[in-house]
Amino acid sequence: MNARRRTVLAAGAAGAAALATGCGSSDGGGGEDASPVPSAPGDATGGAELARTKDIPVGGGTVFKERKIVVTQPTEGDFKAFSAVCTHASCLVSTVSDGTINCPCHGSRYSITDAAVEAGPAPRPLPAEQISVSDGAIRLG
């Protein structure tokens, strides 16, 4: 490989690494780092208990920063969970209000029903997370 091609490839790799870290700085835009959070042991009904159903408001939701998950209840008894990591710049979403999940970094907003982008610059919906709901408990997995 000639020297010019090696230089171009090295520059491209450095640029890709910079993009991958982007706004995902150590504070994650929401005070969290990007390292994975270990889950607590589960039981026969699913994974670790995340919340009680009574703690998730109807028409709203709650952000669990330590788990990087947001749980919503668009209509009574219908619980949804999504990644709390914004698809624009990897900041953590911070609030749920007026039917949207809100990112403080650049103003992206997502629907509480299906995490579809309601306002950009987010390029795609928040990924869904698996939860189970049983006996008033919302569990991971």
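The values are calculated or read from the model by the stated rules, or taken from the named source; none is laboratory data. In this text, all values refer to a predicted model and were calculated from it rather than measured experimentally. Reconstructed Cβ throughout: ideal geometry from the backbone, glycine too, with neighbour counts over all protein chains shown. Side chains included, ligands, DNA and RNA excluded: accessible areas come from the protein's heavy atoms. Shrake-Rupley method; radii C 1.70, N 1.55, O 1.52, S 1.80 Å.
Before we move on, is ALA115 part of a loop (DSSP other than H, G, I, E, B) and over 22 Å from VAL58 (Cβ atoms)? Against the criterion (part of a loop (DSSP other than H, G, I, E, B) and over 22 Å from VAL58 (Cβ atoms)), ALA115 does not qualify.
Annotation: of all residues in the range 110-121 being of a type outside the set (Gly, Ala, Ser) and within 15 Å of SER83 (Cβ to Cβ), the one that is most open to solvent (accessible area, probe 1.4 Å) is ASP114. The single condition among (1) in contact with a Gly (Cβ under 7 Å, 6 or more places away or on another chain); (2) crowded, with 18+ Cβ neighbours inside 10 Å that LYS65 does not satisfy is (2). Exactly one residue among GLY99, GLY107 is in contact (Cβ under 8 Å) with a residue 40 or more places away in the chain, surrounded by fewer than 18 Cβ atoms within 10 Å (Cβ to Cβ) and at positive phi, and that residue is GLY99.
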